[in-house]
Amino acid sequence: MENSAFPITNWSEDDKPREKLMNKGKAALSDAELIAILIGSGSRNESAVQLSKRMLSSVENNLNALGKLSIQQLITFKGIGEAKAISILAAMELGRRRRAEEAVEMKKITSSKTIFEIMQPIIGELTHEEFWIVYLNNSNKVLTKSQLSKGGITGTLVDVRLVFKTALELGAVGIILSHNHPSGALQPSDADKQITKKLKLAGESLDIKVLDHLIVTESHYFSFADEGIL
């Protein structure tokens, strides 16, 4: 049967977001309507859109916060079973990976903000610390980036030889240090400053410059270079 003979007014509440997407395009849908399409249906007393609104309301309508919920947390909402919870988490992870891939396309580093846009999708929302090195050529273009350590950051976890062995193999002339603070605090710790100094001194003998050290949180960053403490 053609849709013209079965107008939207006759569709169930759970089907209306799909019809809206087909007729008006994906940008016309609210976050709740997009999530409603993912979960497909609500419960006997609540449409998929209403359920999605309730879920978003629980995280103050913040999609990043929704993406951090576990399967166990999602299934506490009546109408959300394991399959629907998995669909939501899969969609959120695809969105995060898409942002990461878009960031990779910004090859040339022109400012600390550019570094943040590259690294935030990778480490900005993690619940543990990771330390990364971004390797640059003489045009400040990214050759590659690699994780140096995972977990708490101390001087003992930084393998200086590995950092500069990789730099020499790539022909890099500059590196940028980057790590995240899951707590959201932006100020560098004494350990952060010591690591920066240690790598900067090691690089000078090889004529490989440490151009910046960025502390990344979910929405902000701290740049050693911008603050004049590199």
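Taking only pairs six or more apart or across chains, which ones have beta-carbon atoms under 7 Å, a first residue in the stretch 78-94 that is within 19 Å of ASN64 (Cα to Cα), and a second residue that is surrounded by fewer than 18 Cβ atoms within 10 Å (Cβ to Cβ)?
Pairs found: ALA85/ILE71; ALA85/ILE75; ILE86/ILE71; SER87/LEU38; ILE88/LEU38; LEU89/ILE71; ALA91/LEU38; MET92/GLY67.
Sort through LEU148, LEU177, LEU199 and tell me the only one that's assigned by TED's automatic domain parsing to the domain that holds THR114, crowded, with 18+ Cβ neighbours inside 10 Å and closer than 18 Å to LYS113 by Cα.
Only one candidate passes the filter, namely LEU177.
Has the stretch 29-43 got any residue that is at pLDDT below 90, more than 16 Å from MET92 (Cβ to Cβ) and loosely packed, with under 11 Cβ neighbours inside 10 Å?
Checked the stretch 29-43: no residue is at pLDDT below 90, more than 16 Å from MET92 (Cβ to Cβ) and loosely packed, with under 11 Cβ neighbours inside 10 Å.
Name the residues in the stretch 193-230 that are modelled with pLDDT of 90 or more, in a loop (DSSP other than H, G, I, E, B) and touching a Gly at 6+ places or on another chain (Cβ under 6 Å), would you?
THR217 - this is the single residue of the stretch 193-230 that is modelled with pLDDT of 90 or more, in a loop (DSSP other than H, G, I, E, B) and touching a Gly at 6+ places or on another chain (Cβ under 6 Å).
For the condition aromatic (Phe, Trp, Tyr) and closer than 30 Å to ARG44 by Cα, what is the one hit in PHE116, PHE131, PHE77?
Working: PHE116 fails: closer than 30 Å to ARG44 by Cα; PHE131 fails: closer than 30 Å to ARG44 by Cα.
Exactly one of PHE116, PHE131, PHE77 is aromatic (Phe, Trp, Tyr) and closer than 30 Å to ARG44 by Cα, namely PHE77.
Just a yes or no: is a residue in the stretch 62-74 of a type in the set (Ser, Thr, Tyr), under 26 Å from THR127 (Cβ atoms) and exposed (fewer than 15 other Cβ atoms within 10 Å of the Cβ)?
yes
Can you name the residue in the stretch 180-196 that is surrounded by 21 or more Cβ atoms within 10 Å (Cβ to Cβ) and under 21 Å from the mean Cα position of the chain (by Cα) and, of all such residues, is farthest from ARG96 (Cα to Cα)?
The initial filter retains those residues of the stretch 180-196 that are surrounded by 21 or more Cβ atoms within 10 Å (Cβ to Cβ), namely 180-181, 195.
Going one step further and asking which of them are under 21 Å from the mean Cα position of the chain (by Cα), we end up with 180-181.
Working: ASN180: 16, HIS181: 18 Å.
The residue in question is HIS181.
Tell me the helices (runs of 4 or more DSSP H) entirely within the stretch 80-187 that contain at least 1 residues that are modelled with pLDDT of 90 or more and within 15 Å of ILE208 (Cβ to Cβ).
160-170
Filter the stretch 64-79 down to the residues that are at pLDDT below 90 and either part of a helix (DSSP H, G or I) or assigned by TED's automatic domain parsing to the domain that holds ILE123 (or both) and list them by number.
Selection gives ASN64, ALA65, GLY67.
The values are calculated or read from the model by the stated rules, or taken from the named source; none is laboratory data. For clarity, every value in this text was computed on a predicted model and none was experimentally measured. We place every Cβ from the backbone using ideal geometry, glycine too, and count neighbours over all the protein chains shown.
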